[in-house]
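Report on the following structure.
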Amino acid sequence: KFNNTVNNTSATSTANNSIMNHTSQSNTYVLLSTALVDIKINNNEYITVGCLLDSASQGNMITQELCNKLNPKTTPVKFCIRGIGNVQSEVKTETNVRILFKHSNFFLDLSCLVLPQITDKIPSISFPSTILEIPDDLRLADLDFNQAVLLPF
């Protein structure tokens, strides 16, 4: 979690009165876990993509945009996903991908549901990473964790 506080002060003058208005807005943000992984696009070629690591998710998902770049074999499916507020999304396609983790030789072959979009930007706002006290010897899975981006995976 980190906080972002914005202070605004404005003044208005009329012939007989002065009005001063001060507002303070404080927002708390929660950082979700992300990683940069290499995803296979053909026999010996990989591209690096950002992914959301959602421990509460019951499936793997990939955006239609990334699926189009990878051009893998797809399979038609009929599946509904329910999210926050019981909002329902219909899935019509799934595909298989191989991801390779950056800091090891570990890889996974995954079946992924193909969606137009998975989330909004993660994190919701960009911020200077220096506001967090991250130990120098900690290896991050996503060096750009502080930059607001749409994640394709």
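The values are calculated or read from the model by the stated rules, or taken from the named source; none is laboratory data. Note that the structure is a prediction, hence the values are computed from the model and not measured. We place every Cβ from the backbone using ideal geometry, glycine too, and count neighbours over all the protein chains shown. SASA here: full protein model, heavy atoms, side chains in, ligands and nucleic acids out. Shrake-Rupley method; radii C 1.70, N 1.55, O 1.52, S 1.80 Å.
Derived from the Cα gyration tensor, the three semi-axes of the equivalent ellipsoid of the range 36-144 are 27, 20, 12 Å, largest first. Straight-line cross-link reach from Lys69 at under 16 Å between alpha-carbon atoms covers these aspartates and glutamates, not counting any fewer than eight positions away in the same chain: Asp38, Glu45, Glu94. Computed extension gain for Ile81 through Ser129, at 0.36 nm per residue and net of the alpha carbon distance, reaches 13.9 nm. Normalised by 2.2 N^0.38 Å, where N counts its residues, the alpha-carbon radius of gyration of the range 57-108 equals 1.37. Here r is the Cβ-Cβ distance between Leu140 and Asp109 and R0 is 25 Å; the resulting FRET efficiency, rounded to 0.05, is 0.50.
The local environment of Lys102, defined by Cβ-Cβ distances under 12 Å, has a net charge of -1 under the rule Lys, Arg +1 and Asp, Glu -1. Counted by Cβ distance under 9 Å from Pro152, the other residues give a net charge of 0, where Lys and Arg count +1 and Asp and Glu count -1.
In the context of the full set of protein chains, residues of the range 23-114 present 68 Å² of accessible surface per residue (probe radius 1.4 Å, heavy atoms only).
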